[in-house]
Amino acid sequence: MVSFPGSFDPLLPRAFSVCDVEGERISLLYVAVGKGTTRLSKLRPGDKVVMNGPLGNGFPDMRNGEKVWLAVGGSGAAILPILIVGAKNSGSSFRIFYGARTKSQLINFDYESTFYATDDGSAGYHGTVVELLKAELSREKPDKIFACGPTPMLVSMQKEMSNKVQIYLSVETPMACGIGLCQGCPVKKKGEPDYFLACKDGPVFDSREVELVKEKSAQ
Ligand SMILES: Cc1cc2nc3c(=O)[nH]c(=O)nc-3n(C[C@H](O)[C@H](O)[C@H](O)COP(=O)(O)OP(=O)(O)OC[C@H]3O[C@@H](n4cnc5c(N)ncnc54)[C@H](O)[C@@H]3O)c2cc1C
Ligand code: FES
């Protein structure tokens, strides 16, 4: 969770994935969509932010010989560097399915086995990353899919593929405290009247355990 010291603008800290780690240095990768991320984009070397973390869970450990597909959309691509280190260290094989609205929004990580999708067809498959995944799934099946991206992408994956393959979803539910106190990040438990908290029990959930609902805006 990232906020700005001595400032209440924005009021609430913003959630980010740990993108990469090198010694004592961590990297974040963000897309400037609003107040908090625009403020981040204006920081200069030496400026300070407040960071609280790491919080919550992560994707399950990958196992030697396992076939894992990584499906990311938009700023969900921030999880790729750290997951790929995990995949390589564990000896599992991976493929990346990476979607964006248009080519200029794709980050060139230069990873092998990457399949791109753009809504406007300017790079890779013409369509959504979920459509691309569905086409690939009709030919081949991985052991698991790890997914991170906007809620509509995760909702489609859950609806259209959960019965075919095990999927873990990293949800982008807006968060306030990040540590399970404010109850502000509920994720509905499937078939129960109860909720998980995205910040404490997640943000990664087995797609069969949750019912994703429309996201709320942060303050
Ligand atoms: C666990 C987790 C990990 C995340 N990791 C990353 C990351 O690594 N990189 C990254 O760029 N972003 C990440 N996000 C999303 C990031 O937290 C939001 O983009 C950020 O909070 C936006 O803040 P803002 O003040 O710039 O935008 P705001 O001014 O708060 O909002 C601008 C617009 O974005 C929408 N919005 C705000 N928060 C979210 C959200 N959480 N999800 C979807 N839409 C939202 C608002 O509804 C509004 O339309 C993550 C979110 C979560 C919950
Ligand atoms: S953000 Fe406060 S409980 Fe999850």
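For this structure, a couple of remarks:
- Accessible-area value, Glu172, 1.4 Å probe, nucleic acids and ligands omitted, Å²: 80
- Table column - 3J(HN,Hα) (Hz), region 197-205, Karplus curve with 6.51, -1.76, 1.60, x for Gly and Pro: 9, 4, 6, 9, 8, x, x, 9, 10
- Across region 25-30, computed HN-Hα scalar couplings (Karplus, 6.51 cos²θ - 1.76 cosθ + 1.60, θ = phi - 60°) run 9, 10, 10, 10, 10, 9 Hz from first to last residue, x flagging Gly and Pro.
- Helical contribution to [θ] at 222 nm, DSSP H n ≥ 4, -39,500 (n - 2.57), averaged over the chain, rounded to 500: -5000 deg cm²/dmol
- The charge dipole of region 67-211, taken about its Cα centre with unit charges on the Cβ atoms of Lys, Arg (+1), Asp and Glu (-1) only, comes to about 200 debye.
- In the chain, a dipole from Cβ-located charges (positive for Lys and Arg, negative for Asp and Glu) runs towards its positive end, and of Ser162, Thr128, Met175 it is Met175 whose Cα lies farthest in that direction.
- Above-threshold pairs, the threshold being 29 Å between Cα atoms, out of Lys35/Lys88; Lys88/Lys190; Lys35/Lys141; Lys103/Lys134; Lys35/Lys190: Lys35/Lys88; Lys88/Lys190; Lys35/Lys141; Lys35/Lys190
- Amide H contacts under 5 Å for Ala198, placed H, 5+ residues apart: Cys185, Val187
- Cross-link reach list, aspartates and glutamates versus Lys159, counting only Cα pairs under 15 Å and skipping chain neighbours closer than eight places: Glu131, Asp206, Glu209, Glu211
- With Cα atoms, 0 to 90° folded angle of helix 151-161 axis to the chain main axis: 30
- Order of exposure, largest accessible area first, which applies to Lys42, Lys188, Lys67 with probe 1.4 Å: Lys42, Lys67, Lys188
- Charge tally around Glu66: other residues with Cβ under 13 Å, Lys/Arg +1 each, Asp/Glu -1 each, net +4.
- Loop-resident sites, region 49-120, for chymotrypsin sites (Phe, Trp or Tyr not before Pro), counting at most 15 other Cβ within 10 Å (DSSP): Phe109, Tyr111
- Amide proton proximity set for Ile96, modelled H, under 5 Å, gap of 5+: Leu70, Thr114, Phe115
- Put simply, the amide H of Lys144, placed in the peptide plane, has neighbours under 5 Å in Lys67, Trp69, leaving out anything fewer than 5 places away on its chain.
- With the highest mean first, a sort of the peptides 193-201, 13-21, 147-155, 176-184 on other beta-carbon atoms found within 10 angstrom per residue produces 147-155, 13-21, 193-201, 176-184.
- Listed as lacking a disulfide-compatible partner in the chain: Cys19, Cys148, Cys185, Cys199, by the criterion of no other cysteine Cβ under 4.7 Å.
- Rounded to whole Hz, the Karplus (6.51, -1.76, 1.60) HN-Hα couplings of region 68-81, x for glycine and proline: 10, 9, 10, 10, 10, x, x, 6, x, 4, 4, 7, 4, x
The values are calculated or read from the model by the stated rules, or taken from the named source; none is laboratory data. Keep in mind it's a predicted model, so treat the numbers as computed, not measured. Reconstructed Cβ throughout: ideal geometry from the backbone, glycine too, with neighbour counts over all protein chains shown. Ligands, DNA and RNA are excluded from the accessible area calculation, which covers all protein heavy atoms including side chains. Shrake-Rupley method; radii C 1.70, N 1.55, O 1.52, S 1.80 Å.
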